[in-house]
Amino acid sequence: MHYTNRPVRRASWAIVATMALVAVQFLFGGGEGPRDAWDVALALALPAGVTWVLVRTGLTPSVAWDEKRLVVRNPFFVYEACLADVRLLGRAGRGGALHVEGVGTVLPWAMTRSVFDGRRAEAARRELRQAVRRAEGAAPAPVRRRLRVEWTDVLVLPILGAFVWAFLP
């Protein structure tokens, strides 16, 4: 099963499109184009930063599992573990947090409770709990935790360029 929070994804896509329009307005709204590279970096810094945050927190977090393996994609890390290495935390094993052997506590970002939470999210949490309970006692496999690096991290460059430009003498 694969779970992402769809209402958050839809709202994030709308804001990403709005930020693209804001960037175009900053660059070409005055009738003349940008004068130099710094104008472009400054005009893109805010929209790129907002877009990067929304992509990281609203569009890409997900939780996927099958009978043997769990993959949690949080905003900054990806956790891959055998379901036998996962223990449920919270109220009598019904909470959203997971304890992964060798990593510690993992909170699946896409499955946290939010204002967009609905029947689909509750059903996904229930199915994950059942999959973890079924996998208890299975042979464990290596657990992997890695930093998420994606093409969208290029959106951080205009922000860094604006900071460098702002603090140069």
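The numbers here are math on the coordinates, done by the rules we state, and not lab data. Bear in mind that the values here come from a model prediction, so they are computed numbers and not experimental data. Every residue, glycine among them, receives a Cβ derived from its backbone with ideal geometry; neighbour counts consider all protein chains shown.
What to note about this one:
- For the chain, a crude dipole built from +1 on the beta carbon of Lys and Arg and -1 on the beta carbon of Asp and Glu, taken about the Cα centre, is about 960 debye to the nearest 20.
- Compared with the dominant Cα axis of the chain, that is its longest principal axis, helix 157-167 is turned about 50°.
- Evaluated over the chain, the Cα radius of gyration and Dmax, each in Å: 20.3, 67
- Between helix 6-28 and the chain there is an angle of about 10 degrees, using the helix long axis and the longest principal axis of the Cα atoms.
- The charge dipole of the stretch 6-88, taken about the Cα centre with unit charges on the Cβ atoms of Lys, Arg (+1) and Asp, Glu (-1), comes to about 360 debye, rounded to the nearest 20.
- Relative to the dominant Cα principal axis of the chain, helix 37-54 is inclined by about 20°.
- Entry for the stretch 57-109 at q = 0.20 Å⁻¹: log10 I(q)/I(0) = -0.68, Debye formula applied to identical alpha-carbon scatterers, no solvent contribution.
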